[in-house]
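Participant: Input: one structure, supplied below.
The values are calculated or read from the model by the stated rules, or taken from the named source; none is laboratory data. Being a predicted model, the structure only gives us computed values, none of them experimental. Cβ atoms come from the backbone with ideal geometry, glycine included; neighbour counts cover every protein chain shown. Ligands, DNA and RNA are excluded from the accessible area calculation, which covers all protein heavy atoms including side chains. Shrake-Rupley method; radii C 1.70, N 1.55, O 1.52, S 1.80 Å.
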Amino acid sequence: QVQLVESGGGSAQPGGSLRLSCAASGSIVSINAMGWYRQAPGKQREMVAGITSGGSTVYTDSVKGRFTIVGDSVKNAVYLEMNRLEPEDTAVYYCNAVRVETGDDSYPELWGQGTLVTVSS
């Protein structure tokens, strides 16, 4: 069974930095894309950043120039470097993986358990 395990959430002051990590466990053959979503209190879940197996990246406008997504296909992992954090970045961040293939199974989409990021002074 494949799981996404996240780490790295926590608290930061405005202007600070945090790094989120997500690794897929299991006998993985391939992952088409991985990314990060977030859900702030009272708001819908939104895509923050994504990266394909080919290395193409996409960011939501509000994080462009501040966040960087990095993938590691060997470790089946994805990282989100978050700089110049703003209070508006406060949310639960979820790792996402699309089209995960193992030797026996195929998973259209997987989600991590979520990690809380709080930005405040």
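Participant: When you scan the range 95-112, how many residues do you find that are under 14 Å from LEU20 (Cα atoms) and exposed (fewer than 14 other Cβ atoms within 10 Å of the Cβ)?
Facilitator: 0
Participant: GLU86 fails exactly one of the following numbered conditions: (1) of a type outside the set (A, V, I, L, M); (2) under 14 Å from ALA12 (Cα atoms); (3) modelled with pLDDT under 95. What is the number of that condition?
Facilitator: Condition (3) is where GLU86 drops out.
Participant: Regarding the range 5-15, can at least one residue be identified that is modelled with pLDDT of 95 or more, open to solvent by 60 Å² or more (accessible area, probe 1.4 Å) and either at positive phi or charged (D, E, K, R) (or both)?
Facilitator: Within the range 5-15, not a single residue is modelled with pLDDT of 95 or more, open to solvent by 60 Å² or more (accessible area, probe 1.4 Å) and either at positive phi or charged (D, E, K, R) (or both).
Participant: Another question, then. From the residues in the range 44-64 that are out of contact with any strand residue (DSSP E or B) (no Cβ under 8 Å at 6 or more places or on another chain) and assigned to a loop (DSSP other than H, G, I, E, B), which one is surrounded by the fewest Cβ atoms within 10 Å (Cβ to Cβ)?
Facilitator: GLN44
Participant: A follow-up question, please. Quick check on my filter: what residues within the range 33-43 are surrounded by 14 or more Cβ atoms within 10 Å (Cβ to Cβ) and over 19 Å from LEU85 (Cα atoms)?
Facilitator: Selection gives ALA33, MET34.
Yes/no matrix, rows are residues, columns are (1) in contact (Cβ under 8 Å) with a residue 12 or more places away in the chain; (2) open to solvent by less than 30 Å² (accessible area, probe 1.4 Å); (3) basic (Lys, Arg); (4) over 14 Å from VAL5 (Cα atoms):
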site	(1), (2), (3), (4)
PHE67	yes, yes, no, yes
ASP72	no, no, no, yes
LEU80	yes, yes, no, no
GLU86	yes, no, no, yes
TYR93	yes, yes, no, no
GLY114	yes, yes, no, no
SER120	yes, no, no, yes
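Participant: Residues LEU116, LEU85: which one is outside any strand (DSSP E or B) and touching a strand residue (DSSP E or B) at 6+ places or on another chain (Cβ under 7 Å)?
Facilitator: Answer to the check: LEU85.
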